[in-house]
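Engineer: First the structure, then my questions, so here it is.
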Amino acid sequence: MPSVVVVGLQWGDEGKGKVAAYLSKGARLAVRYNGGPNAGHTVVYSGRTFRMHLIPAGGLVCGRAAICSGVYVDLRTLAEELRESREVRPDLKVVLSPRAQVITELALRAEELLESMRGERAIGTTRRGIGPTAVERFGRVGLRVADLLERETLKEKLGDIAAFWRLEGSDLDAMAESLSEQFMSLDLEVAEVSRVIRDHLTSGGTVVFEGAQGTMLDVYYGTYPYVTSSVTTSAGVSPGCGVPVRWVDSVVGVAKAYTTRVGAGPFPTELHGDAAERIRSTGGEYGATTGRPRRIGWLDLVQLKFATDLNGTDRIFLTRIDTLSGLTGLKVCTAYEGYKDGDYPVTLSELSKVRPVYAELEGWPVIDDVQRTTIVREGYGALHPNARRYVEFLEEHLGTPVKQIGIGPGVEDVVER
């Protein structure tokens, strides 16, 4: 298949970095199509752990990466990622869209003000300036990568942003100089990414489109207003990259074997106490960008069915099944009391009141390093019967095949079905 979209099916942090890297073996190009440095993809490559915020994780594997117009770019973050990535992949080539939006110091200041104004109703953003930069984009005052090529008008454009946010007293000269210096220091190509993608696809190459965050953080379909400021579903590929919808051949939905989310907002299957802490510590459930502990919950098939249908998911890549190993009993939410199959609450008040209906399943023994190697080598049949039963239970309820199962942190710690 020449093109595949990797999309998160939950509230982010599903392991998309590992999945994108795994699927990028043999690919011509890895593409990041949405989000910004508020999202971090963790991937273990060449014996090192990388937390990628802007460069697609698949780029480490295939050696060529693209950052599309749908991405919000922090130049300092990008420079640091380029340096770290090239320590293990010196030949890494990165193409940046001139239409991508640039995060400025003004956006960071605006976000601090907006969050403080909300008080107890603060969204709990990562304070990386994503939301205000999105507002600037749709308010038609935003700064794009192309604007950094026109130094003579850069200060004027920053002045428009400062006026938009009413941020008086900003040193626009220093800001323009700093942005110019950061941009000029980047060792990458600025080019129309849609053309680059087309060239690879028409020549028979495989392109992996890598999404950030997860479906439930989508600005249109997520748990609004506790969402991010971009389209996080598979539909974001077309506007984010400037490619026709028909260029997408396959959608791989990534889901954890349990559920997590970061920040505020309703979470029907949330766990507290020893069980939550055990899963959090075993799975290293702390934000790749902020280090914040993630909220933990049982797997929610109502939510997951909503997401698989919304994304047109062809197959599921289930991650972190090893994190659940060693638990004596597991719960899976199969319905919400009073809701029909296929219905998902729209408002926060509805979602905060739902009562999950749980199925209880038996756990399986801890998967140690020796067993992990054996399972990867021998395949699905080497998994404990209870682990296989768990996978097949999800598959049956979702009506979507689970084709790959992650059983460890490494890119190769994958069981194929």
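Engineer: Within the set of pairs 6 or more residues apart or between chains, which connect a residue that is under 12 Å from Leu217 (Cα atoms) inside the range 1-12 to a residue that is among the charged types (D, E, K, R) with Cβ atoms less than 7 Å apart?
Structural biologist: Sorted first by the residue in the range 1-12, then by its partner, the pairs are Gly8/Glu14; Gly8/Lys16; Gln10/Lys256; Trp11/Arg261.
Engineer: Still on this structure, I have one more. Looking at (1) surrounded by 21 or more Cβ atoms within 10 Å (Cβ to Cβ); (2) in contact with a Ser or Thr (Cβ under 7 Å, 6 or more places away or on another chain), can you tell me which one Thr282 breaks?
Structural biologist: The number of the failed condition is (1).
Engineer: At pLDDT 95 or above, surrounded by fewer than 17 Cβ atoms within 10 Å (Cβ to Cβ) and either at positive phi or not assigned by TED's automatic domain parsing to the domain that holds Asp218 (or both): is that true of Ala122 in this structure? Talk me through it step by step, then tell me what you get.
Structural biologist: On the way: at pLDDT 95 or above: no; surrounded by fewer than 17 Cβ atoms within 10 Å (Cβ to Cβ): yes; either at positive phi or not assigned by TED's automatic domain parsing to the domain that holds Asp218 (or both): yes.
Answer is no for this residue.
Engineer: Next question. If we keep just the residues of the range 330-357 that are assigned to a loop (DSSP other than H, G, I, E, B) and in contact with a strand residue (DSSP E or B) (Cβ under 7 Å, 6 or more places away or on another chain), which is farthest from Tyr390 (Cα to Cα)? Lay out the reasoning, then the answer.
Structural biologist: As a first pass, look at the range 330-357 and keep what is assigned to a loop (DSSP other than H, G, I, E, B): 337-347, 354-355.
From the residues that got through so far, the ones that are in contact with a strand residue (DSSP E or B) (Cβ under 7 Å, 6 or more places away or on another chain) too are 337, 354-355.
Working: Glu337: 22, Val354: 24, Arg355: 22 Å.
Step by step, filter the range 330-357, then rank; the result is Val354.
Engineer: Follow-up question, since we're still on this one. Would you mind finding the one in Ile367, Ile405 that is in a loop (DSSP other than H, G, I, E, B), touching a helix residue (DSSP H, G or I) at 6+ places or on another chain (Cβ under 9 Å) and within 22 Å of Gly284 (Cα to Cα)?
Structural biologist: Of Ile367, Ile405, the one residue that is in a loop (DSSP other than H, G, I, E, B), touching a helix residue (DSSP H, G or I) at 6+ places or on another chain (Cβ under 9 Å) and within 22 Å of Gly284 (Cα to Cα) is Ile367.
Engineer: Of a type outside the set (S, T, N, Q), under 21 Å from Arg128 (Cβ atoms), assigned by TED's automatic domain parsing to the domain that holds Leu217 and out of contact with any His (no Cβ under 9 Å at 6 or more places or on another chain): does that describe Leu82?
Structural biologist: On the way: of a type outside the set (S, T, N, Q): yes; under 21 Å from Arg128 (Cβ atoms): yes; assigned by TED's automatic domain parsing to the domain that holds Leu217: yes; out of contact with any His (no Cβ under 9 Å at 6 or more places or on another chain): yes.
Yes: the conditions hold for Leu82.
Engineer: Still on this structure, please answer the following. State all residues of the range 357-378 that are among the basic types (Lys, Arg) and free of Cβ contacts under 8 Å to residues at least 24 places away in the same chain; if no residue qualifies, say none.
Structural biologist: The answer is Arg377, and nothing else.
Engineer: Taking the condition of being touching a strand residue (DSSP E or B) at 6+ places or on another chain (Cβ under 8 Å) and among the β-branched types (Val, Ile, Thr), how many residues in the range 366-401 meet it?
Structural biologist: The qualifying residues number 4.
Engineer: Quick one: in the range 359-372, of everything that is surrounded by 14 or more Cβ atoms within 10 Å (Cβ to Cβ) and out of contact with any Ser or Thr (no Cβ under 6 Å at 6 or more places or on another chain), which residue is nearest to Lys305 (Cα to Cα)?
Structural biologist: Of everything passing the filter in the range 359-372, Leu361 is nearest to Lys305 (Cα to Cα).
The values are calculated or read from the model by the stated rules, or taken from the named source; none is laboratory data. Note that the structure is predicted; figures quoted are calculated from it, not measured. Don't worry about glycine lacking a Cβ; one is built from the backbone with ideal geometry, like all the others, and counts go over all protein chains shown.
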